[in-house]
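J.: Just passing along the structure, written as C-alpha cells.
Any read-out appearing in this document is the output of simple, stated calculations on the displayed coordinates, not a laboratory observation. Keep in mind that what you see is a predicted model, and the values were worked out from it rather than measured. Cβ placement follows ideal geometry from the backbone for every residue including glycine, while neighbour counts extend to all protein chains displayed.
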Amino acid sequence: MWVCVMQPQVEGLLNEVPLLLSNLSYSLLRQFAALLLSYLFAIPYGIVAARSRRAESVMLPILDILQSVPILGFFPVAVLFFIAVFGGSRLGVELAAVFLIFTSQAWNLAFSTYESVSAIPNELFEASKAFRLGRVGRIMKLYLPSCVPKLVYNGMMSWAGGWYFLVAAEIITIGSEEFKVPGIGSYIAEATYSGNLSHALLGLGALIFSVVIVDLLLWAPLRDYAERFRYEAFTAQEARQPTLYQRSLKWFGKRLKKPSLPTVRLRALEKTKEIISIVYTPMPKVKTTLKFIRILLIISIAALISLILLYQYEAVVKSVNRFMELLKEPQFFIELSLLPQALLASIARLGLAYAASLAWTLPLAAWLAWRARTATFSLLDVLASIPATALFPLIINVTIHLPYGLFLTSIILTMTGMQWYILFNLIGGFRSIPSDIIEAARSFGLRGLSLWRRVMLPGVMPALITGSITGWGGGWNALIVSEYINYGGETYTVLGLGSMLDRAAYELGNLTLLLIILVTMTSTIVLMNRVIWRRAYHYVLHRYRFE
Amino acid sequence: MPLLELRNVTKSFTSKTQTPFVVLEHITMAVDKGDFVCVVGPSGCGKSTLLRIICGLIPPTDGQVLYKGSEVTRVCDEMAMVFQSFALFPWLTVLENVEIGLYSKKMSREEKRRRALKMIEMIGLKGFEEAYPRELSGGMKQRVGLARALVSEPTVLLMDEPFSSLDPLTATHLREELIDFWLNPNMAPDTVIMVTHSVEEAVYLANRVIVLSHRPGTIIKEVPVDLPRPRDPRSDKLYALVDQITSLIA
C-alpha cells in the first residue's frame, strides 16, 4: 500500500530528470565560462602587479577595493546594466550571471597569481636571468608554473564559491518583471517559491551530486598535478602512493596551509596607505604616473558613459526622468533616511552571527585539530562544499515558524556565509601551535581553562583574525540574501543594508539608491578592515607569533 | 689583456627611508684565463653582490666590468652561475633543468637534449634524468646546478657559496670533482670565480684568494696560494695560509 501511495510521486520526480539535467548543464556551462574568464583576467593582472613595482602600487589597491565590494551587492547593478544594454533579452541576464560569478573569482585568483609570483625565491629568478630565459621563457618556465598550486587550489575554492552565487543569480525579479535563465539555481528557486519541496530537494541533490562529481573528475586530478609545482620537499610518507582517503586528508591539509590571502590583503592595505602617502608627498615621478592613470581612468569612464548614452539614449533619458521624479517622491527619501539605522542593524546582525559562529567553531576546531579522524574531515569537506544558498529553502522552512523566526532565520542565513572561513582557519591555527609548547605548558601544570587562556587562545589568534576578516567578508555578502527572503511566494524582510539593497533593486528599480547603499556598504567594509582588522592583525602578529 | 677586469666597481643600494648604503667600494681586480679565484669575507660584505655584478645580473653603481676588453652591460653569454640554494626549477625534471642551461643557445632541440644527457652522465646523475629536484638529496641537487651551468661550456664559472648548504662529506666530494673538471683541458670551465665564507675551502681550491673587508666591502688583500696540486687539506702550509687570512677578516 505504501508503494501505491509513493508511486505517483516517484514517477513525478523521474519525469523531472531530463529538465533537471538540462538545467544542470546550463549552470555548469556558466560556471566554466566564468572560471575561464577569471583565469584569463587574473593571470596577466597578477603577473604584472607582481613584477612591476609601479604597477603594483596602483593595481593592488584597486584589487583590494574590488574585493571589498560585496559581490551579491554588485549583482543588481550589473543586472540593471546588462539588461539595459541588451534590452532585457536572455543574453543580458546570461551575461549578468556569468559576470557575477566572474566577480566572485577573478580578484581572488589575481591575488593568488600576485602572491605566487612575488613568492618566487630570488635565486630562482636570478637563475632565470643568468640563463637568459627572456620574457617568454620566464613566463612559461617560471611565472606560470609557480602559480599552478595556488591557482588550482583557489580555482577549486572559487568554483565552490561560484555555486553560492550562481544559485542566487539565475532568477531575478526587478519590479514586477522577472528575469530568469534555465539553470539549477532557478530550478531550485522556482520549486521553493511554488512551495514544491520535493522538487527543491531533488534539485539540491542533483547540485550536490555535480559538486562531488566535478571535484572527483576535475579538481582531484588537478590537485595531484599541482603537487609537482610546490617548492617544499616531500616527506617520505607523502611520497608513497596515496589512497583516496589519504588524498582527501592531504587535500584538507593543503587547504589548511594555504589561505594566506588575508596577508596579501593586508599587504594591499599597506599599499593603499602607501599610495595615499605618495599622493600627499611630493614625489614627481610617481605623481606623474598617478596623474596619467587618473586621466586614463577618467577618459575610460567618460568613454563608457558616452557609449552607453549613444546606444541607450532613450532609455537613459527615461531613467534620468524617472530619477528626477523619484527624487520628488517621498519613497526615495524615506528609504534614504533609513540608511543609518539599516547600517547599524546590519552590523549588529553580523556581530551576532559572528559570535554564534565562534561559539560552535572554536571548540570544534580545537577538537578536530588533534583528535578527529579522516572520515570527519571528509564529511566536513562535503558539508562545506554545498552552496549554502541552495540550502536556504530548507533552513527557512524549519526556522521561519519558530518564535522570533524571521530574526533567527536572518542570523542563521548570515552565518552560512561566515562560519566555514572561521572554522577552517581555526583548525589551521590550532594545528600550527607547536606541540612542544603545549607539552611544555602541560609539564608546568597548566591545564583546562588556564591552558586555553595562556596557550591555546593566544596561539590561535593570528588564524582567528585571518578567519574573521574573510568570514566578515562572506557575511556581508550573505546579508544580501539573508535579510530579504523570498519563500513560498512571499517576501520576508528585516531592517538592514542588505534588504535595502534588494528593495532598491528589485522593488523600486532605483539605480541611484542602489549605488548609494552599495557605496555605504563598501566603505563600511573598507573602513572596518582598516580600522579594526588590520590593527588587530598587526597587534596579534607582533605579540603572538611563534618564531 | 686579462680575461676579466673590474675597474673601481662600487655598488650602493638606495632604500626609501635610509640614506643609500654602500655594499662594495672601489673593487679593482683582474682574472686571467685559467685562474681559480676565491673571494672570502665576513658575512654581509657584498661577496655575492660582487659575483652578480660580474655576471651582469645587476649593474654596478659606479665603475666597470670588462670581459675580453668590452664592458659587461647585461648577462654575459660566456659565464654561468651556480647558486647557493641550487635555484633549480621544482616543476622541471633533472633533464629539463639542465636544458635550461642551453635555453638561449641557438641549436636544435635534439642537440640540446643530447648535450644535456651527456652532461648529466658526466656529473654522475645517470638514471635520474626524469626525477624532480625534490626527490634528490642536497648533493645531487647541486650536481644538477653544476650540470646546468656547465652544459653550455662557459669560459667562466661563477659560484655563489655552492657547497655551504651541503653536508661536509658531500661538499668534499663535490670539491674534488670541481677541481677535476677545472683541471681537465677538454672540459669547461677554464676559469672559476667562487664566493665562499669558508677560508679553508678557499685556500684548498683557489690559485688566489681575494679578501674583502666588512661593509662596505673593499679588497683588503690578495693572497696567492702556491701550494702544489693535489693539495692535502690538512697540510701545515695550507693551515698557515688559512690562519693568515682569517686574521685579516677577524
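J.: Counting each DSSP H run of 4 or more residues in chain B as -39500 (n - 2.57), what helix-only mean residue ellipticity at 222 nm follows after dividing by all residues, to the nearest 500 deg cm²/dmol?
T.: -10000 deg cm²/dmol
J.: Right, next: In terms of modelled amide H atoms, which long-range or inter-chain residues lie less than 5 Å from the amide H of B:Gly63?
T.: B:Thr10
J.: Here's another thing I want to ask about it. With just the Cα atoms defining each centre, how far is region A:132-164 from region B:116-177? Give it in Å.
T.: 29
J.: Under the definition of partner shielding as Cβ atoms of other protein chains within 10 Å of a residue Cβ, what is the mean value for peptide B:88-94?
T.: So the per-residue partner count for this stretch is 5.
J.: Can you give the mean number of other chain Cβ atoms that lie within 10 Å of the Cβ atoms in peptide B:96-104?
T.: 3
J.: Along the principal axes of its C-alpha atoms, what lengths does chain B span, in descending order and rounded to whole Å?
T.: Extents along the principal axes: 47, 46, 39 Å.
J.: Using a ≥ b ≥ c from the Cα gyration tensor of region A:327-547 (square roots of the eigenvalues), is it rounded, prolate or oblate, where a/c under 1.5 gives rounded and otherwise the larger of a/b and b/c decides, a/b for prolate?
T.: prolate
J.: Could you state the angle between the C-alpha long axis of helix B:168-183 and the longest principal axis of the C-alpha atoms of chain B, as a value from 0 to 90 degrees rounded to the nearest 10?
T.: 90
J.: Taking the 0 to 90 degree range and rounding to the nearest ten, how far is the long axis of helix B:236-249 tilted relative to the main principal axis of chain B, both from C-alpha atoms?
T.: Between helix and principal axis, roughly 60 degrees.
J.: Could you size up the charge dipole of region B:64-132 around its Cα centre, putting +1 on the beta carbon of Lys and Arg and -1 on that of Asp and Glu, and report it in debye to the nearest 20?
T.: My answer is approximately 200 debye.
J.: Also, I was wondering about something else. Which of the chymotrypsin sites (Phe, Trp or Tyr not before Pro) found in region A:388-434 are loop residues per DSSP with 15 or fewer other Cβ atoms within 10 Å of their Cβ?
T.: A:Tyr404
J.: Skipping prolines and chain starts, which residues have an amide H placed within reach, meaning under 5 Å, of the one on B:Arg208, given they are 5 or more residues away or on another chain?
T.: B:Phe36, B:Cys38, B:Val225
J.: Let me ask something additional. Specify the angular offset, from 0 to 90 degrees and rounded to the nearest 10, of the alpha carbon long axis of helix B:109-122 from the longest principal axis of the alpha carbons in chain B.
T.: Between helix and principal axis, roughly 70 degrees.
J.: Shielding of A:115-128 by partners, i.e. mean partner chain Cβ atoms within 10 Å per residue?
T.: Counting other chains' Cβ atoms within 10 Å and averaging over A:115-128 gives 4.
J.: First check a/c for region B:3-102, with a ≥ b ≥ c the square roots of the eigenvalues of its C-alpha gyration tensor; if it is under 1.5, answer rounded, and if not, answer prolate when a/b is larger than b/c or oblate otherwise.
T.: Oblate, because a/c is 1.5 or more while a/b does not exceed b/c.
J.: Show the residues, 5+ positions off or on another chain, whose built amide H is closer than 5 Å to the amide H of B:Met159.
T.: Amide H neighbours of B:Met159, under 5 Å, 5+ apart: B:Val82, B:Ile193, B:Met194, B:Val195.
J.: Using θ = phi - 60° and the Karplus form 6.51 cos²θ - 1.76 cosθ + 1.60, what ³J(HN,Hα) does each residue of region B:80-93 get, whole Hz, x for Gly and Pro?
T.: Coupling constants for region B:80-93: 9, 10, 10, 9, 4, 9, 6, 6, 7, 7, x, 8, 10, 6 Hz.
J.: While we're looking at this one, here's another question. How large is ³J(HN,Hα), in whole Hz, for each residue of region B:40-50 in order, when computed from phi with the Karplus curve 6.51 cos²θ - 1.76 cosθ + 1.60 and θ = phi - 60°, using x for Gly and Pro?
T.: Using θ = phi - 60°, the values come out as 10, x, x, 5, x, 8, x, 4, 5, 4, 4 Hz.
J.: A follow-up question, please. In sequence order, what are the phi-derived ³J(HN,Hα) couplings for region A:448-460 according to the Karplus relation 6.51 cos²θ - 1.76 cosθ + 1.60 with θ = phi - 60°, rounded to whole Hz, with x for glycine and proline?
T.: x, 4, 5, 4, 4, 6, 8, 10, 5, 5, x, x, 8
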